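The values are calculated or read from the model by the stated rules, or taken from the named source; none is laboratory data. Note that the structure is predicted; figures quoted are calculated from it, not measured. Every residue, glycine as well, gets a Cβ built from its backbone with ideal geometry; the counts of neighbours run over all protein chains shown. All accessible areas refer to the heavy atoms of the entire protein, side chains included, with ligands and DNA or RNA removed. Shrake-Rupley method; radii C 1.70, N 1.55, O 1.52, S 1.80 Å.
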Amino acid sequence: MLREKGARVETATPEIEMLASNMLETMTEYSGIGLAAQQIGEAIQLTVIDIRPIEDRPSTLKIGDKEADPDSLMPLVLMNPELTPLSDPEPGGEGCLSFPEMSAEIVRPGRVGVKAMDAEGGLLEFTCGGLLARVIQHETDHLNGILFIDRMDREAKGDLREQLDLLHKKTQAALP
Ligand code: ZN
């Protein structure tokens, strides 16, 4: 499922809204700051984000020409997000709820433009930087079947080899 590209969400139905609110609950329960539909077994272009629990990694937000408080967007529900890189790639630490207790430095653009559908079916357009930009890129990858292990360099992946092999075995054993 994690490798499946999500289908576009055409309309924000009550079912989608319910799914998004369940995802936010699950994410909070596991102390995550982002969760993609693929991670709960639904291959659709829907992700939820809330960066407020992380206070030591700043974010920036610009809506139109105006600077805005990133917290004002939280919790954030994005559907069919399209991203435009706006700055050079830079390294930053990342983890993933689908890879418990693993983290690595991942290189991604520090600032991105975001165009997406919001929870009510409206168009959401903004640019962001810092942690928020990183989380949105990580989650948008999920929606396209891409995982953060795909973006790790050889060394980072080597450091996690044992943990990854163990997770792979556990996952295989849990399959029906
Ligand atoms: Zn993830």
What is the number of the single condition among (1) surrounded by 15 or more Cβ atoms within 10 Å (Cβ to Cβ); (2) in a loop (DSSP other than H, G, I, E, B) that residue 61 does not meet? (2)
Residues being touching a residue at least 12 places away in the same chain (Cβ under 8 Å) and under 22 Å from residue 71 (Cα atoms): count how many of those fall in region 38-57. 10
State all residues of region 28-54 that are assigned to a helix (DSSP H, G or I) and either in contact with a helix residue (DSSP H, G or I) (Cβ under 7 Å, 6 or more places away or on another chain) or surrounded by 12 or more Cβ atoms within 10 Å (Cβ to Cβ) (or both); if no residue qualifies, say none. 28, 37, 38, 39, 40
Only residues in region 132-160 that are more than 19 Å from residue 85 (Cβ to Cβ) count as the first member; pair them with residues that are open to solvent by 10 Å² or more (accessible area, probe 1.4 Å) and within 11 Å of the ligand (Cβ to nearest atom), Cβ under 6 angstrom, at least 6 apart or cross-chain, and list the lot. 160/102
In this structure, does residue 67 turn out to be modelled with pLDDT under 95, more than 18 Å from the chain's Cα centre (by Cα) and open to solvent by 60 Å² or more (accessible area, probe 1.4 Å)? no
Might you let me know whether region 31-54 holds any residue that is of a type in the set (Ser, Thr, Tyr) and touching a Lys or Arg at 6+ places or on another chain (Cβ under 6 Å)? no
Name the one entry in 25, 10 that is farther than 23 Å from residue 95 by Cβ and either touching a Leu at 6+ places or on another chain (Cβ under 7 Å) or open to solvent by 70 Å² or more (accessible area, probe 1.4 Å) (or both). 10
Determine whether region 128-149 contains at least one residue that is more than 13 Å from the chain's Cα centre (by Cα) and closer than 18 Å to residue 75 by Cβ. yes
Quick test of your reading of the structure: residue 15 fulfils all but one of (1) in a helix (DSSP H, G or I); (2) without any contact (Cβ under 8 Å) to a residue 60 or more places away in the chain; (3) within 14 Å of the chain's Cα centre (by Cα). Name the failing condition by number. (3)
